[in-house]
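In what follows, a structure is listed as C-alpha cells, so that the remarks can point back to it.
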Amino acid sequence: MAMSLLLVVLVALASPFVAQASRASSDFDFFMFTTTWAGTFCDHEFGRHCKHVVGLRNLTIHGLWPNYDSGKYPQFCDKRKFDPDKVADLQDRLNAEWPDLLSKGGLWSHEFEKHGTCSASVLPTEHDYFGAALSLNERLDLTSALFRAGIQPSSTQAYPTKDIVKAVKSVIGDDVDPELNCADGNLQEIRVCFTKTFQARNCDSSASSASSRRALRSAPSDASCGVNVYLPPFNSK
C-alpha cells in the first residue's frame, strides 16, 4: 500500500515536467532561419580565423530555430544526439551550405541537439531537420539575391541597409520583413522567419531580441545595423 501511494505521488510530481517537455517540443510558434555573412564572422567577429571551405557562398546557414511569439524559445527538448550517419546523403551540401567555419567542429551537433530536437512536431527526424534547412537555403538563395541587386563583398564600399532589405524582400515578399544583425558596421546575419508550414512571416521584435542572445556565434549586444553597412569578403586563414 505504501509503495502504491509512493508511485502515485511520484507520477503526480513528474507530470508537470512531462507536460513542460511536451510543450517545448511541439508548441513553438514559428521558425527563424538564420544565415551568417562569412566575411564578418571570420574577419571581424572576435578575431576568429576560419578554415578554407571549397565553393563557399558568402551567406552560410547558421541555424533553423523554433521560436515562441513571446520572444522565448525552446531548447534541448529531448535526449537525442546528432548522428552523422543519418545525414550521410546530405554531407556534401552541408559542407558547402552549412559549414562549420572554425576548425574545431561541432556546429551541426550543437544546432540539432539544441534546436532540432525542439522541431520534432514538424520535423520529426534529424534528416528532416537538416533537409528542411537546406531546402530553405536553396529556396531563398540570398547570396544571389544580393548579387542581383549589385551588392557584392567589399571591404571598402558600404551599402545602404535599406538596399539589402529590399534585395531580401524581392525573394520573401514585400509584406515580410527580414531581420539584419550587424557587428561593428558589418553585416553579420540575415534572418527570415517562417510559419510551421514554411510560409515566410514577420519576426516579432521580441523574438529577435531572444535570438540575438543565443550562446553559439552570438552577436555583440549592440547588434543593430546603421544606415550603411559593409559586407567584407571571406578570407580563410
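The values are calculated or read from the model by the stated rules, or taken from the named source; none is laboratory data. Computed from a predicted structure; not experimentally measured. Cβ: placed from backbone, ideal geometry, glycine included. Neighbour counts: every protein chain shown.
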Determine if the stretch 39-47 includes at least one residue that is in a loop (DSSP other than H, G, I, E, B) and at pLDDT 70 or above.
no
Run residue 135 past the list (1) surrounded by 15 or more Cβ atoms within 10 Å (Cβ to Cβ); (2) farther than 21 Å from residue 75 by Cα; (3) of a type outside the set (D, E, K, R) and report the number of the one that doesn't hold.
(1)
Of all residues making up the stretch 86-121, the number that are without any contact (Cβ under 8 Å) to a residue 60 or more places away in the chain, touching a Cys at 6+ places or on another chain (Cβ under 8 Å) and closer than 22 Å to residue 141 by Cα:
0
Out of 219, 200, I need the residue that is at pLDDT below 90, buried (at least 18 other Cβ atoms within 10 Å of the Cβ) and aliphatic (A, V, I, L, M). Which one?
219
Restricting to the stretch 79-90, count the residues that are surrounded by 12 or more Cβ atoms within 10 Å (Cβ to Cβ) and either in a helix (DSSP H, G or I) or modelled with pLDDT under 95 (or both).
4
Could you list all residues from the stretch 161-172 that are surrounded by fewer than 20 Cβ atoms within 10 Å (Cβ to Cβ) and within 20 Å of the chain's Cα centre (by Cα)?
165, 169, 171
Quick test for you: out of 85, 100, pick the one residue that is under 30 Å from residue 27 (Cα atoms) and in contact with a helix residue (DSSP H, G or I) (Cβ under 8 Å, 6 or more places away or on another chain).
100
